[in-house]
Amino acid sequence: MADATLPIINLDVFVASPESEAALKECKKAADALITYGALLLHDSRVSEEDNNAFLDLIEDYFAQPEETLKKDERPELGYQVGVTLENTEKPKCAVDEPCLKVIARLDPAERPLDITAHSPDPKCRFFWKMSEKPPYESQYPGLNAPNVVPEDENIRERWTPIMEKWGTSMKTAVANLSEMAAVGLGLPRETFKDAGKYGPHLLAPTASDLKKYGQKDTILAGFHTDLNFLTIHGRSRYPGLNIWARNSGKRIPVRFPATGRYLLVQAGKQLEHLSGGLVKAGYHEVVVNDATLQAIERRKAGHPDRPLIRISSTFFWHLSSDYDLAPIPALQERARALRADAITLGKIDLEEETAYEPMKVGQQVIK
Ligand SMILES: [Fe+2]
């Protein structure tokens, strides 16, 4: 059974007939889920569990390679924007960010994330695989023209591009559809977000954590943070450990996928927060080793003793186009203010203080 606390949105209903009564109801549910939880589970029958498994196997095999082999896929001269980033490079920004530390301070101590104040880098590796479309106009933020990196190892090389493209496209299609549902559910024209993200620098960005090295309980695999893009979508991981926080309750929610079936997890990022004037807040999350992770490790060891013990997260970052003018949509900002006023009247406190969302280009927001 699904975690009762995270709403499940049926994308099939929308894809089958976007204007139907049932679809509109589902769109509203999607928008409400983003407003309340900053996250939702998406059911998409087009997504194949086999493709997700092929992807997880590929990335496990990739990160099981010796470090000197992985290093060949690093592109430090390109700021690691394509290819591999090895572990202990990415630091959780929250530890040195005052508003973020305040969010933690406002949480009930029992609901707080694992302590990130030591500001140690996350023990995870990442691979960036661009899945963007070149804009037909001259961009102010041309980004990276460099091609994607294809690993050298023969065994991995031949499987790599088809599997990355197939799984990446499944997630990209699903998240673009969800952006349409969210727009409709928020009372906007259906194409509002989808068009705004048409030329976004979307990334398939799986992470890998070596559970042989980092498999002790309460290890932080990714410290408490929000994502800076518009929407992040994930396939099912083989190991639990992702916790999210709902903005209204401040409760930690361990994400559990339904045991079987075609589900994806979606989280709101900073660009959606900005565009909605804070009606939707970027969702805070962390990845840690908890009891459920430990149980999954034991099951995996017993069931697949020959496989690498690596936690893969099949993350896909969906971005708005860099040249898009990021400014709160007035109708949404109005609702955000009303929601805040309600919360204050009811004595509930929002996790974050009121934020000013200065108009800027998306490209500027990313640089910031
Ligand atoms: Fe994240």
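Were the residues from residue 120 through residue 134 laid out at 0.36 nm apart, the gain over their Cα-Cα distance would be 1.4 nm. The HN-Hα couplings worked out from phi for the stretch 246-259 by the Karplus form 6.51 cos²θ - 1.76 cosθ + 1.60 (θ = phi - 60°) are 7, 5, 8, 9, x, 8, 6, 10, x, 7, 10, 7, x, 4 Hz, whole numbers, x standing for Gly and Pro.
Shown here is the pair-distance distribution of the stretch 92-189: with all Cα-Cα distances grouped in 5 Å bins from zero up to the longest one, the shares run 2, 8, 11, 10, 11, 15, 19, 14, 7, 3, 0 percent. Taken along the Cα-to-beta-carbon direction at a fixed 7 Å, the label points for residue 68 and residue 141 span 4.0 nm. Once the Cβ-Cβ distance of residue 80 and residue 150 is raised to the sixth power relative to R0 = 22 Å, the FRET efficiency obtained is 0.85. For the stretch 166-172, 3J(HN,Hα) computed residue by residue from phi via the Karplus equation (6.51, -1.76, 1.60; θ = phi - 60°) reads 5, 5, x, 5, 4, 6, 5 Hz, glycine and proline entered as x. Placing +1 on each Lys and Arg Cβ and -1 on each Asp and Glu Cβ, with no other charges, gives the stretch 8-367 a dipole about its Cα centre of roughly 680 debye. Short-range pairs are left out: with C-alpha atoms under 8 Å and at least six residues apart, the relative contact order of the stretch 9-94 is 19 percent.
Label-to-label distance, residue 16 versus residue 169, with points set 7 angstrom from Cα along the beta-carbon direction: 2.5 nm. Taking all Cα pairs closer than 8 Å and separated by 6 or more residues, the relative contact order of the chain comes to 23 percent. Cysteines in the chain lacking any other cysteine Cβ under 4.7 Å from their own Cβ: 27, 125.
A straight chain from residue 304 to residue 91 at 0.36 nm per residue would run longer than the Cα-Cα distance by 73.5 nm. Label sites at residue 159 and residue 24, each approximated as a point 7 angstrom past Cα along Cα to Cβ, lie 4.7 nm apart. Dividing the convex hull volume of the alpha-carbon atoms in the chain by its residue count gives 143 Å³ per residue. Across the stretch 210-368 the C-alpha pair distances fall into 5 Å bins from zero in the proportions 2, 8, 15, 17, 16, 14, 11, 8, 5, 3, 1, 0 percent. What separates the Cα centres of the stretch 47-74 and the stretch 177-252 is a distance of 20 Å.
Once the C-beta distance of residue 355 and residue 46 is scaled by a Förster radius of 30 Å, the resulting FRET efficiency is 0.25 to the nearest 0.05.
For residue 131, the residues whose amide H sits under 5 Å from its own are 202, 203, 204, ignoring neighbours fewer than 5 places away on the same chain, with H placed 1.01 Å from N. For the stretch 289-299, the Karplus equation 6.51 cos²θ - 1.76 cosθ + 1.60, evaluated at θ = phi - 60°, returns couplings of 8, 10, 4, 5, 5, 4, 5, 5, 4, 5, 5 Hz by residue, with Gly and Pro reported as x.
Any read-out appearing in this document is the output of simple, stated calculations on the displayed coordinates, not a laboratory observation. These figures come from a predicted structure and were not determined experimentally. Glycine gets a Cβ as well: all are built from the backbone with ideal geometry, and neighbour counts include every protein chain shown.
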